[in-house]
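J.: So that we are looking at the same thing, I have put the structure below in structure tokens.
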Ligand code: GDP
């Protein structure tokens, strides 16, 4: 059975362009409940660790640099079938390929500055949520 939690970040481009409010509205309108949320600024160490799975990819250095370029919003979201439904809500990684009306189609400019992160599995949702929020903080 699919899990009911996913993890998201509103990335530096979307924060800098003033889209936090609109993106949170879309998330809530999409049926997700925000169960933890944090405004923070990653450094090279934390961004590098978060994206360690992409270490061998050619864009890893650019990704870490971009994710440390400004503040982000990190959140744990709850809904039935959360991981898959959230990836549908945000659209394809490349905003040029993202379906109309999706968060990336509306707010992202490029494949690297693509406005939001969404976990790709229940397992990663739990790992990523725990990376930002301790059990104690969660409710
Ligand atoms: P996601 O699950 O849709 O976020 O996509 P991936 O897990 O494949 O990639 C993680 C993140 O790396 C994406 O959200 C992008 O921000 C970034 N990324 C992916 N592909 C590229 C690329 O070709 N170039 C650059 N600069 N960044 C990329």
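J.: Add -39500 (n - 2.57) for each DSSP H run of 4 or more in the chain, then divide by its residues: what number comes out at 222 nm, to the nearest 500 deg cm²/dmol? Show your work: numbers first, answer last.
T.: Values: 7 runs with 55 residues, N = 139.
Calculated from helices alone, the mean residue ellipticity at 222 nm is -10500 deg cm²/dmol.
J.: Take every Cα-Cα distance within the chain, group them into 5 Å bins from 0 onward, and report for each bin the whole-number percent of pairs it holds.
T.: 2, 11, 21, 25, 24, 14, 4, 0
J.: Distance from the Cα centre of the stretch 94-131 to that of the stretch 1-71, in angstrom?
T.: Each part's Cα centre sits 8 Å from the other's.
J.: Report the calculated FRET efficiency for residue 80 and residue 53 (r = Cβ-Cβ distance, R0 = 30 Å), to the nearest 0.05.
T.: Working: r = 26 Å, r/R0 = 0.87.
About 0.70, to the nearest 0.05.
Here, each number is a calculation from the coordinates, and none is a lab measurement. For clarity, every value in this text was computed on a predicted model and none was experimentally measured. A quick note on method: Cβ atoms are made from the backbone with ideal geometry, for glycine too, and the neighbour counts reach across all protein chains shown.
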